[in-house]
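Notes for the one structure printed next.
The values are calculated or read from the model by the stated rules, or taken from the named source; none is laboratory data. Predicted model only: the values in this text are computed from it and were never measured. Glycine gets a Cβ as well: all are built from the backbone with ideal geometry, and neighbour counts include every protein chain shown. Note: areas computed on protein heavy atoms with side chains; ligands, DNA, RNA excluded. Shrake-Rupley method; radii C 1.70, N 1.55, O 1.52, S 1.80 Å.
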Amino acid sequence: RYTHDYARALISTGKYKEAMDITNTLLLDQEVGTDEFNESKNVVKSCLFAMQTIESKTRIVDIKLLDTTKINASGGAFAANYFKDKTIVFSAVRPGNENIAPNSNIYQVDVGSNGKIYEEAQSISQLINSQENEGAGVLSPDKTKMYFTRWSYNTKNPECAIYVSRYLNGQWLTPRKLKDNINYPGYKTMHPALSPDGSTLYFVSDRPGGKGKLDIWYCTLDEMDNTQEIINPGPAVNTKENEATPFVHANNVLYFSSEGHNGLGGLDVFKLNLDGGFNSNPKNLGIPVNSSMDDAYYVAVPLDEMAQSG
């Protein structure tokens, strides 16, 4: 029997018209207002959006693969963040790291003034990188703190939580897990991101009280990482599907990935101007940023920094 999963599979391979035609046929037999009916309507809307986006695309963007030997080594690289002194921090699964295990660790590499990478990427710290999986790291604006996700697959006590390490006297200190009001016990907490001034932490969690599966949440932080209320920004960002990988640009725009808003398939990247709060609708970044596959971990360099780097 046809299911919405099949429609999503067709969408993920770019077969938008086929997915829409089949779903429109099913709508004729579905009761208006039911969850099944509403899901079918969302599938049709996504297909229409995708076809219109493909037909009307006018932007030409030059997409380049960074040096495959220095960043994109065997095993995969993801969750890159770019900082003002032209430091790239990213996560990777690669052989030969300091604990030899085939897990995800956090690396850093410097970019030259001409945008080229000359040195090999290095493990950020043996204290931050452990025999668990570390990823999605973000530095505070003054680079004195590193927030990151640590996944523990211990069969007795599996955990996905956000940790922080402080930089003191030229080295990173032993990380500590953020408090339970952020790392809600028994649920996943991951993908930390900071506002440009470092005062607000955005993160992803499937904790109770959300709109669906994985939601984006945020809270304020003080110097000791104490927080105020943990807030869900609501339907402008979160849907009943997964949201992930938030990033806040210097011009106060939130970028995030979502499966639930109208897109081209899988996770698409969206942006939302935060000047007016969470009262507007997010905008899909379209092609070529988004595709029929999963698109996530989007970051944008401020224009003044791009000009400085040539």
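Which of the peptides 265-278, 13-26, 167-180 is most tightly packed, and how do the rest follow, going by the mean number of other Cβ atoms within 10 Å of each residue?
265-278, 13-26, 167-180
Determine how large the accessible area of residue 107 is when every protein chain is in place; take a 1.4 Å probe and give Å² rounded to the nearest 10.
10 Å²
Report the rotationally averaged projected area of the stretch 212-279 based on its alpha-carbon convex hull, in square nanometres.
For the stretch 212-279, the mean projected area of the Cα convex hull comes to 5.2 nm².
Can you list, largest first and rounded to whole Å, the semi-axes you get for the stretch 172-243 by taking the square root of 5 times each eigenvalue of its Cα gyration tensor?
The equivalent ellipsoid of the stretch 172-243 has semi-axes of 21, 14, 10 Å.
Beyond a 29 Å Cα-Cα separation, which of these cross-linked pairs lie in this structure: 15/240; 86/179; 213/271?
86/179
What is the set of long-range amide H partners of residue 214 at a cut-off below 5 Å, with H atoms built 1.01 Å from backbone N?
So residue 214 has HN proximity to 242, 243.
Sort 283, 41, 156 by accessible area with a 1.4 Å probe, largest first.
Largest to smallest exposure gives the sequence 156, 283, 41.
In vacuum, with every alpha carbon of the stretch 176-310 counted as one equal point scatterer, what does the Debye formula give for log10 I(q)/I(0) at q = 0.09, 0.15, 0.18, 0.22 Å⁻¹? Two decimals, please.
-0.26, -0.72, -1.01, -1.39
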